[in-house]
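First the structure, in the form of structure tokens, and then the observations on it.
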Amino acid sequence: MYLLSLSSITTRCTELTQLIRTLHLVELRAVYPIILQHVFGWGSSVGWRLSNVRRELSASETDEMMRFLRADGPLVELSYRLMGDPNLMYDFPIAALPVSFNQCFVPPCNQDEG
């Protein structure tokens, strides 16, 4: 998806919002994991490096990113739309979760069964 590699976060958010609002649900099901991987980064993707976005450096980029990611924004809105399908499931690598959260799911390898 070329939209995910556009230079500015503002452009990416604007174009993805348009895409989310115009594609049919069947198409959105296919691109949803790709969008999430590119925005948040896991696997080979570093994502949009959202933690590096600073209001002092670019207020317009920060504002656009916040509009895109907020609870009533296009990305979460898409998530809610997809949740309406009880048969839709995606694989998500546990290794992509923060270490502290990951430890809740993966038992330590060297723990003795005492």
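Observations on the model:
- Filter pass, Pro33 being touching a helix residue (DSSP H, G or I) at 6+ places or on another chain (Cβ under 6 Å), modelled with pLDDT of 90 or more and surrounded by 10 or more Cβ atoms within 10 Å (Cβ to Cβ): no
- A single entry from Phe105, Phe101 fulfils the requirement of being farther than 22 Å from Arg29 by Cβ, in a helix (DSSP H, G or I) and modelled with pLDDT under 85: Phe101.
- Applying a threshold of 7 Å to beta carbon distances and a minimum spacing of six or more residues, or different chains, the list of pairs starting in region 76-98 at a residue that is under 15 Å from Gln37 (Cα atoms) and ending at one that is surrounded by fewer than 12 Cβ atoms within 10 Å (Cβ to Cβ) and among the small types (Gly, Ala, Ser) reads Pro93/Gly43.
Residues are listed down the side, and each one gets a yes or a no for (1) under 20 Å from Ser8 (Cα atoms); (2) assigned to a loop (DSSP other than H, G, I, E, B); (3) over 13 Å from the mean Cα position of the chain (by Cα); (4) of a type outside the set (Lys, Arg):
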| site | (1), (2), (3), (4) |
| --- | --- |
| Gln37 | yes, no, no, yes |
| Ser45 | yes, yes, no, yes |
| Glu56 | yes, yes, yes, yes |
| Phe68 | yes, no, no, yes |
| Asp72 | no, yes, yes, yes |
| Asp85 | no, yes, yes, yes |
| Asp91 | no, yes, yes, yes |
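- Pairs meeting the criteria (first residue in region 44-69 and exposed (fewer than 11 other Cβ atoms within 10 Å of the Cβ), second residue hydroxyl-bearing (Ser, Thr, Tyr), beta carbons under 8 Å, at least 6 apart or on different chains) are Arg54/Thr62.
- Which listed residue is touching a Phe, Trp or Tyr at 6+ places or on another chain (Cβ under 7 Å) and modelled with pLDDT of 90 or more, from Leu23, Leu78: Leu78
- When residues of region 80-90 are limited to those that are loosely packed, with under 13 Cβ neighbours inside 10 Å and touching a helix residue (DSSP H, G or I) at 6+ places or on another chain (Cβ under 8 Å), the one nearest to Gly47 (Cα to Cα): Tyr90
The values are calculated or read from the model by the stated rules, or taken from the named source; none is laboratory data. In this text, all values refer to a predicted model and were calculated from it rather than measured experimentally. Cβ: placed from backbone, ideal geometry, glycine included. Neighbour counts: every protein chain shown.
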